[in-house]
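As structure tokens, the structure follows; a few thoughts come after it.
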Amino acid sequence: IPQDQLIGMMSIVDQDNFLFDMSIRDNSMLGKPDADDKALAASVDAAGCREIVERLEGGLHTVVGTGGALLSTGERQRICIARAILKDAPIVLLDEATAFADPENEVLIQKALSVLCQDKTVIMIAHRLSTIRDADTIIVMKDGDIVELGNHDSLLEKDGFYASLYRSQFEGLDN
């Protein structure tokens, strides 16, 4: 597959959510510039961005500043997710998509990601095991090597590296 065709089949949301010095509307439409207003509104709503847009005087036409300086980290992430939802690519790459989110934004981001990932092939890179718990297949890496493979329950049953990581993150909490 030529690289431009492959990129066209992917939506990427990573921890370094970057917005360009242009409007929320233009940032959201980068992956699908020919999208209509109805599709844009649906992606904004699905990504939990409606309150952001309504709070800002310029709404969707608010210029967010270089890197999205006008918005919080979690708000920038939700705009990036709106972009990915609008693009509607069959493959989604999530690289630590909730890494820098505060607890309030993490809940909103998780809801947005659940919409984004419906009926998609998703590759998720995560250190927070709560974000991958429901994955069909978890590939556990240590020092660059694959050390385990399975779903959450089977990996806990193996009582290996994944189980020890899980216990260290959630010790004392109900699973």
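The values are calculated or read from the model by the stated rules, or taken from the named source; none is laboratory data. Values in this document were obtained by computation on a predicted structure and should not be read as measured data. All Cβ positions, even for glycine, are placed from backbone atoms using ideal geometry, and neighbour counts span all protein chains on display. With ligands, DNA and RNA removed, areas are computed over all heavy atoms of the protein, side chains included. Shrake-Rupley method; radii C 1.70, N 1.55, O 1.52, S 1.80 Å.
Of the residues in region 5-19, not one is farther than 20 Å from Leu108 by Cα and aromatic (Phe, Trp, Tyr). Tallying residues that are under 19 Å from the mean Cα position of the chain (by Cα) and either at pLDDT 95 or above or of a type in the set (Phe, Trp, Tyr) (or both) within region 54-78 yields 0.
Could you say which residue among Leu56, Leu116 is within 28 Å of Gln5 (Cα to Cα) and open to solvent by less than 60 Å² (accessible area, probe 1.4 Å)?
Working: Leu56 fails: within 28 Å of Gln5 (Cα to Cα).
Checking each option against the conditions leaves just Leu116.
This table checks each residue for (1) more than 18 Å from the chain's Cα centre (by Cα); (2) closer than 20 Å to Val63 by Cβ; (3) modelled with pLDDT of 95 or more.
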| site | (1), (2), (3) |
| --- | --- |
| Ile7 | no, no, no |
| Ile12 | no, no, no |
| Gln15 | no, no, no |
| Ile24 | no, yes, yes |
| Ser28 | no, yes, yes |
| Gly31 | no, yes, no |
| Ala39 | yes, no, yes |
| Ser43 | no, yes, yes |
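Looking at Ser130, Ser114, just one residue is in a helix (DSSP H, G or I), hydroxyl-bearing (Ser, Thr, Tyr), at pLDDT below 85 and within 15 Å of the chain's Cα centre (by Cα), and that residue is Ser130.
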